[in-house]
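The values are calculated or read from the model by the stated rules, or taken from the named source; none is laboratory data. On a predicted model such as this, the values are computed, not experimentally measured, just so you know. Counting neighbours? That spans all protein chains shown, and the Cβs are built from the backbone with ideal geometry, glycine included. Just so you know, the surface numbers come from the protein's heavy atoms only, side chains and all, with ligands and any DNA or RNA stripped out. Shrake-Rupley method; radii C 1.70, N 1.55, O 1.52, S 1.80 Å.
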There are 4 protein chains.
Amino acid sequence: VDPLVERAESVAIELGVKRWTASVEDVFHDTNIDAVIIATPTNTHAELIQRAARYKKHIFVEKPLTQDVQEADEAIQTIHENQVSCQVGFMRRFDPAYQEAKRRILAGDIGEPIYFKAISRDPGSPPPAFIKHSGGIFLDMSIHDYDMARYLMGAEVTSVAAHGKILVNSFMEEFNDVDQAITYLTFSTGAAGDVEGSRNAHYGYDIRAEVVGTEGTLFIGSLQHHDVHILNRKGCTHDLIPAFPERFKDAFYLEMVHFIDCLRKGEKPSVTEVDGKKALEIAVATKCAFETGKSVTLSDRVKV
Amino acid sequence: VDPLVERAESVAIELGVKRWTASVEDVFHDTNIDAVIIATPTNTHAELIQRAARYKKHIFVEKPLTQDVQEADEAIQTIHENQVSCQVGFMRRFDPAYQEAKRRILAGDIGEPIYFKAISRDPGSPPPAFIKHSGGIFLDMSIHDYDMARYLMGAEVTSVAAHGKILVNSFMEEFNDVDQAITYLTFSTGAAGDVEGSRNAHYGYDIRAEVVGTEGTLFIGSLQHHDVHILNRKGCTHDLIPAFPERFKDAFYLEMVHFIDCLRKGEKPSVTEVDGKKALEIAVATKCAFETGKSVTLSDRVKV
Amino acid sequence: VDPLVERAESVAIELGVKRWTASVEDVFHDTNIDAVIIATPTNTHAELIQRAARYKKHIFVEKPLTQDVQEADEAIQTIHENQVSCQVGFMRRFDPAYQEAKRRILAGDIGEPIYFKAISRDPGSPPPAFIKHSGGIFLDMSIHDYDMARYLMGAEVTSVAAHGKILVNSFMEEFNDVDQAITYLTFSTGAAGDVEGSRNAHYGYDIRAEVVGTEGTLFIGSLQHHDVHILNRKGCTHDLIPAFPERFKDAFYLEMVHFIDCLRKGEKPSVTEVDGKKALEIAVATKCAFETGKSVTLSDRVKV
Amino acid sequence: VDPLVERAESVAIELGVKRWTASVEDVFHDTNIDAVIIATPTNTHAELIQRAARYKKHIFVEKPLTQDVQEADEAIQTIHENQVSCQVGFMRRFDPAYQEAKRRILAGDIGEPIYFKAISRDPGSPPPAFIKHSGGIFLDMSIHDYDMARYLMGAEVTSVAAHGKILVNSFMEEFNDVDQAITYLTFSTGAAGDVEGSRNAHYGYDIRAEVVGTEGTLFIGSLQHHDVHILNRKGCTHDLIPAFPERFKDAFYLEMVHFIDCLRKGEKPSVTEVDGKKALEIAVATKCAFETGKSVTLSDRVKV
């Protein structure tokens, strides 16, 4: 489905899909269609979720779930009322490294998690047109790490503080956004953590996480792309992961396999609209903390 | 196709394939079938290639091409006479690391290749029943490295010498086979190299290669499986690649994509029956060198 | 020199030094002695520096320079009036990795530094008796990273914010200290950075730094101790650096070589009382930022 | 001591040594001198060892012990008759990585060693004048790996085979030497191994070893020099160890500490004239194997 029907057609042909349309209504009215994937701009998510749910379509929606927490609450209500499934596109949960990390933590290999540390660096900023509607670095970028924080720490975030600056992309000033930021988090278990977000990793796509535990510590995050090292008089060099499609190729595939698999088996996806809302709450609170220069307690403002 | 039709059926269902049979004739006679994959024991390759080619089926055949060089010559002749395509299952050529290595070598990043070094270690020996008909470590295992030697060095092997021993699997004595071997190679360009083959890497599946060049040197071969490190008082640990399906998952997929893609475009595969024969010749010569304790010159015995 | 003369004696014998004493006066009055090393508790630094300088002894003093900024100012004045040399024990400046990093930055290899990131994790907390007089995690521990921030970024710190928690060592509550903390820094060049300090790295001594630049980025910090990897069914393991004497063995030696070398050549050490004071100012400001929950601007409170 | 007294003088001044001479007799006759270090060309070792031993001087001698096995036998006899200590300069035994490897093997961490693999690559060839008198790649270079083979495998070498070629340095033809060689070894325990020697590692000094055991496998050999990684659009680069003084700085120091320590305590060094002879025997046998193209059994030719 694409309002530009030619674009819908060309993608359909590329993917070997037999039907395409410019109208989302065609999909909603088609009783042969069980589920929809919502990969539109964030400001359209809320309405599309509402309509899809009322037409009893199961939903896969890209992150963030909605633009704000109120929209998220309304979406969750409609999803529940219509008893459809909803999976949110936090694909990192399906990355083999993050899954193995979660497995090891659950197996007790690091004891109790006490500190979470994450770095997400993009190789450059998206264009101003994107940044303008992105919701800012915390909602657009660090939200992935907030979800990972909840996933790996097995705990809810209870407070946030944030700092950041424009280091390279001066155009962001207009949108009250920054290209480098750090979030400090505390968790319901008493643990703490920090999350760095950056648009300035000109060297590649740099995604790392650490979980310090009482009995062991866990690192995720190779920066290496091809498994080839070149050695010469200048040293030993390997290439770096250029961007997210290379880093999360398997994860994007596996999250879709999981979605379809859950539909077939009548099971609930492992990452739902509730996870979407919780990560959104952290991001919204962080944005508030950044703007006010004060810590924000989530329990004060969050009523699930 | 499987002589045990129940096995054919269960695999067909697993893969969503609509037809299955116990008789290879059904495939050969079906004019809707353009190509066949021969993944049977090595001693059946020659006959199946002959028949497939005569029925004008394109052929994907697992390595080694045939049992011996005479069979290979006959297969090549029939393939050529019937103008069908043939791709040999040297999947490493489609592994992203080996492809990147080849690309870098062709780009001149290491100057002229002067030394090739490879290690292939299996986590354990196949059972005696397999070893018995395997042709021995050089034909069954090191043949992958001989193909990589030709591919990465951009040269033909001109002589071989070999040494080896049984270090763990005493049952191999019965089959005149060894579980650890080294091949010394010289190349048409004046370069040299060595290839270690081992069945004794109880720690995992360990596949590495190096190409020393006049201007740079290139290493391939991470042993790491998941991108997760666990740190505790005992040190920092990552898991290891357990076996070939994990190491060459992408390569197995990509070689099949290439085969089909070539058929669609009417192009010749990048690794053909001729490559299959040349690797076989090296393996046969190496086996001879090992048994006689003398270097064997390939140009003496090889007439393509 | 040790007030317990037996301890002075035993160390002197161990080191092959021919004289020892319980009285620092003996050293000050000895005109054959050119320089002193002050490695006493921090609260004695100021007085010892004052006296050493008045006796015209050159000074090597362990970090932090003094307990507070006023003491530092007075020490600097006396050092200058008496025209003696003073080197502060920021040994990381002499670590080969940090020196190479500085060399590469000065060579322009990473362009302009825009972000500094450091992690310093101790394998465990010192005992309560030490923590009580340590000045807290920012003055005792992160001060090394503040010095590295100035050194590697080639800039002064202009503001700080800080967060932290007790995650393991509940006894610290009594001393208003924490065992995990993060400092957010801005620099005179417009750059920013963060510094993590932790007493909870039960896995070893973990010291890392990154400098993100406009043209390249630089990582320092191997966690590996011996250059030995053990591979078995559990994975591939290397040991970890257990504590600071192993990590900074060369640096401790080289800082002393530099001190003596400067004295011999009549040159000023590369890290002086002024660097000592500046790192102290950052640490004091960070402690204040942590206690108030607000950013602290250094230019407001610092008059050099 | 140096026949060129000016050279002796300048080194003495550099090292703060108070006496120097052009005559080795001055040393032998000086009863205050307990021990000598023989770091002269290999063809002078035998005579100097003989004389030093007769003057009751303890001896540290660079590898190889002597030029041939007969000289070695005579040296050993004289050393024993005069009851002096002799340590041979196999400094790798004092390298912290090799020592840790040995410790882990003795602790049973890899079970029984079954395969030894070593690579020693120099960044380039020494000049023709050196190669001429070097004894060739097996005696000059691979001898270090033969000693490590004995040390790490805890076994004697029982047979050798060898292959090699000139790949870069055509001048070596004149001296019947090669710049790339491989030795295949079998051990008294039934284990096997291979040793690569090369003069063609233009990228740096590349020393690696592996011991495959029945329960675990052990790798030694980082190629990294400074602990600094530079990341940019070209990838992630670290520098490489340029030459042996950087790689074995600690080992050269520690072997001398051990020598002096043993003298002080009246203990036998951990690596003696007997180890020197055994490594020499392997090297001589390998040279013979290379020249004849046949395996050489050491038990046939060696009577200790």
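Using +1 on the beta carbon of Lys and Arg, -1 on that of Asp and Glu, and nothing else charged, what's the dipole of the stretch C:175-283 about the Cα centre, debye to 20?
220 debye
Projected onto the charge dipole of the stretch B:157-263 (+1 at Lys/Arg Cβ, -1 at Asp/Glu Cβ, origin at the Cα centre), which of B:G235, B:Y184, B:A251 gives the Cα projection farthest towards the positive end?
Of the options given, the answer is B:G235.
If the only charges are +1 at each Lys and Arg Cβ and -1 at each Asp and Glu Cβ, what is the size of the charge dipole of the protein assembly as shown around the Cα centre, to the nearest 20 debye?
0 debye
What ³J(HN,Hα) values, in whole Hz, does the Karplus curve 6.51 cos²θ - 1.76 cosθ + 1.60 give for the stretch B:24-40 when θ = phi - 60°, with x put for Gly and Pro?
5, 4, 4, 6, 4, 7, 7, 6, 7, 8, 8, 8, 10, 10, 9, 10, 9
Using the basic label-point model (7 angstrom from Cα toward the beta carbon), what is the D:A107 to B:V27 distance in nanometres?
With each label point 7 Å from Cα toward Cβ, the separation is 5.3 nm.
Taking chain D as a Gaussian network, where each spring joins two C-alpha atoms under 10 Å apart, which residue of D:E62, D:E196, D:E100 fluctuates the most?
Of D:E62, D:E196, D:E100, the Gaussian network model singles out D:E100 as fluctuating most.
If you take every DSSP beta bridge whose two residues both sit in the protein assembly as shown, what share of them, in percent to the nearest 5, is antiparallel?
Bridges in the protein assembly as shown that DSSP calls antiparallel: roughly 75 percent.
Largest first and in whole Å, give the semi-axes of chain D's equivalent ellipsoid, each being the square root of 5 times a Cα gyration tensor eigenvalue.
31, 24, 22
For the stretch C:242-284, state the average projected area of the convex hull of the C-alpha atoms over all orientations, rounded to one decimal in nm².
3.9 nm²
Output the 0 to 90 degree angle, nearest 10, between the alpha-carbon long axis of helix C:249-265 and the longest principal axis computed from the alpha carbons of chain C.
Helix C:249-265 sits roughly 40 degrees off the main axis of chain C.
Just to confirm a number: summing +1 for Lys and Arg and -1 for Asp and Glu over residues other than D:D145 whose beta-carbon lies under 12 angstrom from that of D:D145, what do you get?
Combined, the nearby Lys, Arg, Asp and Glu give +1.
Sort out for me the Cα centre separation of the stretch D:191-256 from the stretch B:80-140, rounded to whole Å.
27 Å
So what is the orientation-averaged projected area of the stretch D:124-251, using the convex hull of its C-alpha atoms, in nm²?
Computing the convex hull of the Cα atoms and averaging its projections yields 10.3 nm².
Given labels modelled 7 Å from the Cα in the Cβ direction, how far is it in nm from C:L15 to A:V17?
7.5 nm
I need the phi-derived Karplus couplings for the stretch A:93-108: 6.51 cos²θ - 1.76 cosθ + 1.60, θ = phi - 60°, integer Hz, Gly and Pro marked x.
Once rounded to whole Hz, the list reads 4, 9, 5, x, 5, 5, 5, 5, 4, 4, 4, 5, 5, 4, 6, x.
What nm value, rounded to one decimal, do you get for the distance between A:E291 and D:H80 when each label is placed 7 Å out toward the C-beta?
If labels sit at A:E291 and D:H80, their model points lie 8.9 nm apart.
Could you identify which residue out of A:H202, A:H258, A:H58 has the top mean-square fluctuation in a GNM of chain A using Cα springs shorter than 10 Å?
Comparing A:H202, A:H258, A:H58 in the GNM, the peak value goes to A:H202.
Kirkwood hydrodynamic radius, the stretch C:195-304, all distinct C-alpha pairs: what's the number in Å? Can you show the working numbers first?
On the way: mean 1/r = 0.0549 Å⁻¹.
Kirkwood hydrodynamic radius for the stretch C:195-304: 18.2 Å.
Extension gain D:D250-D:E47, at 0.36 nm per residue separation less the Cα-Cα distance, in nm?
The D:D250-D:E47 span can extend by a further 70.1 nm.
Relative to 2.2 N^0.38 Å, what does the C-alpha radius of gyration of the stretch D:147-215 come to as a ratio? Two decimals please.
Values: Rg = 14.4 Å, N = 69, 2.2 N^0.38 = 11.0 Å.
After normalising by residue count via 2.2 N^0.38 Å, the value is 1.31.
Rg/Rh for the stretch D:1-47 to two decimals, with Rh computed the Kirkwood way over all alpha-carbon pairs.
Here the Rg-to-Rh quotient is 0.96.
Give me the Kirkwood hydrodynamic radius of the protein assembly as shown, using the inverse of the mean 1/r over all pairs of distinct Cα atoms, in Å to one decimal.
Across the protein assembly as shown, the inverse of the average 1/r is 34.5 Å.
Rank C:H133, B:H144, A:H45 by accessible area, highest first, at a 1.4 Å probe radius?
Descending order: C:H133, B:H144, A:H45.
On C-alpha positions alone, give me the angle between the axis of helix D:143-153 and the longest principal axis of chain D, in degrees, nearest 10.
Tilt of helix D:143-153: around 70 degrees.
Starting from the Kirkwood Rh over alpha-carbon pairs, what translational D in µm² s⁻¹ does the stretch C:112-167 have by Stokes-Einstein at 37 °C and 0.692 mPa s?
On the way: Rh = 13.1 Å.
Once the numbers are plugged in, D ends up at 250 µm²/s.
Could you give the dipole magnitude of chain D about its Cα centre, charging the beta-carbon of Lys and Arg +1 and that of Asp and Glu -1, in debye to the nearest 20?
Value, rounded to 20: 420 debye.
Taking 1 over the mean of 1/r across every pair of different Cα atoms in the stretch C:1-144, what Kirkwood radius in Å do you get?
Every distinct Cα pair counted, the radius reaches 17.8 Å.
Which whole-Hz ³J(HN,Hα) couplings does the stretch A:127-138 yield from phi under the Karplus relation 6.51 cos²θ - 1.76 cosθ + 1.60, θ = phi - 60°, glycine and proline marked x?
Per residue, the Karplus-derived 3J(HN,Hα) values read x, x, 4, 6, 4, 3, 9, 7, x, x, 4, 6 Hz.
If one takes the longest principal axis of the Cα atoms in chain D, at what angle in degrees, from 0 to 90 and to the nearest 10, does the Cα axis of helix D:45-54 lie?
Taking the Cα atoms of chain D, the angle to D:45-54 is about 40 degrees.
So which GluC sites (Glu not before Pro) in the stretch C:225-284 pass both tests, a DSSP loop state and at most 13 other Cβ atoms within 10 Å of the Cβ?
Taking the stretch C:225-284 and a limit of 13 other Cβ atoms within 10 Å, the loop GluC sites (Glu not before Pro) found are C:E267.
Grab the beta carbon distance between C:D73 and C:I260, set R0 = 30 Å, and tell me the FRET efficiency rounded to 0.05.
E(calc), rounded to 0.05, equals 0.65.
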